[in-house]
Every structure is written in C-alpha cells, then in structure tokens.
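One structure is given below, encoded as structure tokens.
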Amino acid sequence: NRALASRRLGIADPLAAAASETGLNGRILLIEDRPASQERLSTALSAFHVVDVEADPHQALIKAAEGEYEAVLVSLDLQDHDGLRLCSQLRSLERTRDVPVLMLGEADDRARILRGLEIGAHDFLVRPVDRNELLARVRTQVRRKRFTERLRDSVQSSMEMAVMDQLTGLHNRRYLDTRTAVLFDESVLRARSLALLVLDVDRFKTVNDTWGHDAGDEVLREFADRVRACTRGIDLVARMGGEEVVVVLPDTTLEAAHAVAERIRERVEAEPFSIHRNARAISVTVSIGVASRRAGDASPAEMAKRADDALYRAKESGRNRVIV
Ligand code: GH3
Ligand code: MG
Ligand code: MG
Ligand code: MG
C-alpha cells in the first residue's frame, strides 16, 4: 500500500500527514447552556480536541481569559445573555482578542450572525450543527491561530536578532550606535549628564588558548551577566565584538560612572568564572575606560574616544583597573 511504500522510501505520506492533522488536539472552549447541544458538540469535538464546556457567560469570560484556548464556540442563544455581546467582549479583552471565535446560531438568525462577523467573530455554525462541518471549521481556526502565532514569534525573534548579540544576549553594536546617538541628543537637549564605559576583558586570548574557544564563550556570557547585574534598566549594555563591552549611562556624571565601573571591575575579580564544560573555575579581570559628555562634544564619538584612550591607559598601566 501507498503509506507503506512511502515509508519505505523515507518520504512523508501526505495522506498520513493530513490524517494526523485532523488530530490537531486544540484546546476548545464551548459556551453553551443547552444540555443536549453541550453533549452533542463536546462529544464530536472531543474526538480531536480538549474541550471545556461553560454555560455561564461570566464564568466563560474568566475561563477564556485564563485558559490558553485556541478556539471559542459561543452560542448566540444563551438564556439570559446576549451571545453577540459575549463575542464582542471576547474580541475586545486583551487576554482573549487573539482567540478565534465561532458563533452557533439558528438558521433564521442570519442577521445576528452577520452582525457577529462584523464585530470580529471569525466564523459561524448553523444549527443543527453538522459534525463534519463543525470539525472542519474548528480545525481551520485552530490551524490559523497556530500559524499566526508561529509567524508572530518568528517576526519577533528576527527583530530581536537585528538588535541583540546572540552569544551574550546583550545589545549588538548596530543597536549601540543608533541608540547612543539618541541618548546623546537627549542629554544635550535636556542638559543632562551622560557617561560611557568601555570594558575589555584582560588577557582574554590566554583564556581561549588555555581552555578553548567554547570555554571563552562561556566566560563571555558570564561576563555579560555580571556587567548587566551592575547596571540599571535604563542603561545600555552592548557587545562591541570580541571581549569588548560598552555601557552607556544616561543621567550619570563622570564620578557616578567611575563608581559603576569600579563596581563592575570588583564583581568580575571577586569570584572566579565557572567553566562548566571543563569543570574549572578561572580568574578573570577587566579593564575599564570611563568618559562623560562634555559641553564641547559634537557627537558621542568624541566621548567614546576619551573612554577608549582611558581604556588604553588602563591596559598600559597593568590591567584590572578603571581609568577616567
Ligand atoms: P588585553 O588584556 O590586551 O585585552 O589582551 P586580550 O588577549 O584580551 O586581547 P586581544 O584583543 O589580543 O584578544 C582578544 C581575543 O578575543 C582574541 C580573539 O580570539 C578572542 N575573541 C574574539 N571574539 C570572541 C568570541 O566570540 N569568543 C571567544 N571565545 N573568543 C573571542
Ligand atoms: Mg585587546
Ligand atoms: Mg582583552
Ligand atoms: Mg579587546
């Protein structure tokens, strides 16, 4: 047979794939207060999905907001409640607005079904509900929701990748450049201070040469964590490349920046870095150059140049030190 043949050939059988797709296993909320209908619909849906049934509209809203449902079926004929209003609430609440809503209505109630589609319900079913149609429409909505989520996640991660350094989770150089320009202009306009640190791990080449490049990567990650732990949320921490990190400190004077730098230096020196893959702990130190914006600076590059020069002097004068 075909499935066997394709398995032997090592290719996915499209029919088998489609069959397993019908078992999507979505999480469905059914909002319905007629016992007979509850029973019929939930039995049909349970063959492929996990189904919760709720008769009370208020409870249903709470459930919908708290549960991670992938589709909600709403009866338009609830006893003491307007099903349409429920649809519109589901579409407007932050926690439920991305969940597909399917309406259950009477055949002669086309006007309300149409109204429901206008306020954002995704689909509808007409009573008496055909089992296969129910499964097909619900499946479509679950699939669509999952696809949208995957798309959103991948858009988000590619946006992150554009501004983040993959190894350390710090911001990357491109983001540092754009953001520093903005922070610089802001500090000029508001007549606020702005400071910048340039950090460079000491003798990092030796770490790589002794313990290997992967161990070096581990050190860089831990280094990044320690730097982050010494900074505030509004500070910008970015990896320039290699073992060099820049910290931009808004509203910070040269003296305060010096204190931050000293805190970082101490924290790096204080405890050896654990290298898990080599089951070792190694001592690491860092040199830091500090500068702050001066009235005459035309761009952040001038401030960064002073910090770079200070870092150079820190290296020249023996490393593991902060120079302003
Ligand atoms: P100094 O105290 O003068 O800064 O000495 P150093 O050895 O730290 O300086 P140098 O700039 O000569 O060496 C930096 C090393 O960083 C060389 C390079 O192989 C290594 N490096 C750059 N990027 C990475 C990385 O992403 N991972 C690892 N493991 N090493 C890196
Ligand atoms: Mg160097
Ligand atoms: Mg170095
Ligand atoms: Mg370097």
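Below is a table of values for the structure above.
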read-out	value
Packing-based ranking, highest mean first, of 35-44, 113-122, 147-156 given that Cβ atoms within 10 Å are counted	113-122, 35-44, 147-156
Principal-axis tilt of helix 131-163 within the chain, Cα atoms, nearest 10 degrees	10 degrees
Helix-only [θ]222 nm of the chain, DSSP H runs n ≥ 4, -39500 (n - 2.57) each, per residue, nearest 500	-16500 deg cm²/dmol
The chain - charge dipole about Cα centre, Lys and Arg +1 at Cβ, Asp and Glu -1, debye rounded to 20	720 debye
Residue among LEU183, MET240, ALA55 farthest towards the positive dipole end of the chain, charges placed on Cβ	MET240
Relative contact order of the stretch 55-108, pairs being alpha-carbon contacts under 8 Å that are 6 or more residues apart, as %	42 percent
0 to 90° range, to nearest 10: angle between helix 83-92 axis and the chain longest Cα axis	10 degrees
Relative contact order, percent, the stretch 45-195 [alpha-carbon distance under 8 Å, six or more residues apart]	16 percent
Listed residues VAL227, PHE204, SER287: farthest to the positive end of the dipole of the stretch 204-312 (Cβ charges)	VAL227
Pairwise label distance in nanometres, ARG27 with SER157, each label 7 Å out on the Cα-Cβ vector	2.1 nm
The chain, relative contact order [Cα under 8 Å, separation at least 6], %	12 percent
Cut-off 15 Å (backbone N to label point 7 Å along Cα→Cβ of THR43), residues of the stretch 130-144	130-132
Helix 300-316 vs. the chain, principal-axis angle (Cα, 0 to 90°, nearest 10)	60 degrees
Cα Rg, Dmax (largest Cα-Cα span) when computed across the stretch 33-141, Å	12.6, 34
Reachable lysines, given that their alpha-carbon falls under 29 Å from the alpha-carbon of LYS145 and they are not under 8 places away in the same chain	LYS63
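Any read-out appearing in this document is the output of simple, stated calculations on the displayed coordinates, not a laboratory observation. This structure is a prediction, so every number in the text was calculated from the model and none was measured. In this analysis, Cβ positions are derived from the backbone assuming ideal geometry, glycine residues included, and neighbour counts consider all displayed protein chains.
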